[in-house]
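The structure under discussion appears below in the form of structure tokens.
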Amino acid sequence: PPQRDALKARAKALLAERQAVLVAHYYVDGDLQDLALETGGLVADSLEMARFGRDHAAQTLVVAGVRFMGESAKILSPHKRVLMPDLDATCSLDLGCPPEDFAAFCDAHPDRTVVVYANTSAAVKARADWMVTSSCALAIVGHLAAEGRKILWAPDRHLGRYIQEQTGADMLLWNGACIVHDEFKGLELDLLRAEHPGAKVLVHPESPQSVVAQADVVGSTTQLLDAVRTLDAPAFIVATDNGLMHRMRQLAPGKVLIEAPTAGSSATCKSCAHCPWMAMNALQGVVDCLEQGRGEIQVDEPVRSQALGCIERMLDFVK
Ligand code: 13P
Ligand code: SF4
């Protein structure tokens, strides 16, 4: 539509004018993903977004995703301006892990190494020894378990259980969930697989155990994308936010992509797995934040420097 093209052109001009770079997550609107790639920015998983924002020379980062992604960028680069198209874009994992309750949980278990998922507030990260994302969680917890450390994990219970199963680590789990991935259904997936016997099943580890158990590949958004590109299969059933389909279709045009069933799936609504907070990111928001300086992320001291340690530890580990 002409209005969309005009907004995209305006956003492009503003990014160049303000010497800003757009860093987008795979779950945001396809127009924003394309805009990021067409302007020298990045579309990626949360680990790569953090690294790219830190290393890029631009002094203004526009982070299209959810709040914790903007906060991580600001924690890593306090002197850069970090803007978000919509500051209300949050995450059910972040909302379900209030810093005061989390601090009490940590206080009750001082013998445990505190490992938190990236999808948390800066205040929660300030209490953590390590941060992990879905792409490096297994490697980091495996490493800590090999050192004999006992772990306190928050907030995603499904990812925590998956890491525990895979690494054998002693983990105490917070009871959080992603409202998108928690909806995938094992029984319905089993039926769908029977309809598509040649299809490989790709699952994000925030999904329930009954879904992860049927996966050919479990991984972060980038790891699932790599699987579609590289695995020799004609079709894939994908259990993650359907925003990822945009990039999957671009990178693997000949492959058949099928959305895994969720509680809300039906013949008329097949696109149920989409994060309402990721969906708040729009071209208009990119234009507004650059034009009006709206949506700037701030992380106050001393929380910022306290949260920095756990993120840097992860980035050093994955180097
Ligand atoms: P990734 O680290 O795989 O990009 O996941 C972030 C996220 O919010 C998944 O729901
Ligand atoms: Fe959070 Fe889930 Fe949305 Fe990812 S998809 S941002 S984990 S609510």
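The values are calculated or read from the model by the stated rules, or taken from the named source; none is laboratory data. It should be emphasised that the depicted structure is a prediction, and the values quoted were computed from it without experimental measurement. Cβ atoms come from the backbone with ideal geometry, glycine included; neighbour counts cover every protein chain shown.
Quick one: in the stretch 135-155, of everything that is assigned to a helix (DSSP H, G or I) and either among the β-branched types (Val, Ile, Thr) or surrounded by fewer than 17 Cβ atoms within 10 Å (Cβ to Cβ) (or both), which residue is farthest from ligand 1 (Cβ to nearest atom)?
Result: Ala146.
Out of the stretch 90-104, which residues are within 16 Å of ligand 1 (Cβ to nearest atom) and either of a type in the set (Val, Ile, Thr) or not in a helix (DSSP H, G or I) (or both)?
Thr90, Cys91, Gly96, Cys97
Considering only the stretch 234-253, state which residues are surrounded by 17 or more Cβ atoms within 10 Å (Cβ to Cβ) and without any contact (Cβ under 8 Å) to a residue 40 or more places away in the chain.
Those that are surrounded by 17 or more Cβ atoms within 10 Å (Cβ to Cβ) and without any contact (Cβ under 8 Å) to a residue 40 or more places away in the chain: Phe236, Val238, Asn242, Met245, Met248, Ala252.
Within the stretch 156-204, can you find the residues that are within 12 Å of ligand 1 (Cβ to nearest atom) and in a loop (DSSP other than H, G, I, E, B)?
Residues satisfying the conditions are Ala177, Cys178, Ile179, Val180, His204.
Here is a check on your reading of the model: is Gln223 surrounded by 16 or more Cβ atoms within 10 Å (Cβ to Cβ) and either among the hydrophobic types (A, V, I, L, M, F, W, C) or not in a loop (DSSP other than H, G, I, E, B) (or both)?
So Gln223 passes the test.
Considering only the stretch 105-134, how many residues are surrounded by fewer than 19 Cβ atoms within 10 Å (Cβ to Cβ) and assigned to a loop (DSSP other than H, G, I, E, B)?
So the answer is 5.
Being modelled with pLDDT of 95 or more and either buried (at least 18 other Cβ atoms within 10 Å of the Cβ) or closer than 23 Å to Leu22 by Cβ (or both) is true for just one of Val256, Val228. Which residue is that?
After applying the criteria, what remains is Val228.
List the number of the failed condition for Asp88; all other conditions in (1) surrounded by fewer than 24 Cβ atoms within 10 Å (Cβ to Cβ); (2) under 23 Å from Ser305 (Cα atoms); (3) within 16 Å of ligand 2 (Cβ to nearest atom) hold.
So the condition that Asp88 fails would be (2).
Would you point out the residue of the stretch 52-85, among those that are of a type in the set (Gly, Ala, Ser) and under 18 Å from the mean Cα position of the chain (by Cα), that is farthest from ligand 2 (Cβ to nearest atom)?
If we take residues in the stretch 52-85 being of a type in the set (Gly, Ala, Ser) and under 18 Å from the mean Cα position of the chain (by Cα), then Gly53 is farthest from ligand 2 (Cβ to nearest atom).
What about Val82, is it β-branched (Val, Ile, Thr), over 22 Å from Arg149 (Cβ atoms) and in contact with a Leu (Cβ under 6 Å, 6 or more places away or on another chain)?
yes
Can you find, within the stretch 158-176, the residue that is farthest from the chain's Cα centre (by Cα) among those that are within 16 Å of ligand 2 (Cβ to nearest atom) and crowded, with 20+ Cβ neighbours inside 10 Å?
Out of the qualifying residues, it is Trp174.
Table: residues versus (1) loosely packed, with under 15 Cβ neighbours inside 10 Å; (2) under 22 Å from His25 (Cβ atoms); (3) of a type in the set (Ser, Thr, Tyr).
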| position | (1), (2), (3) |
| --- | --- |
| Thr262 | no, yes, yes |
| Cys272 | no, yes, no |
| Met278 | no, yes, no |
| Asp288 | no, yes, no |
| Gly293 | yes, no, no |
| Ala307 | no, yes, no |
| Cys310 | no, yes, no |
| Leu315 | no, yes, no |
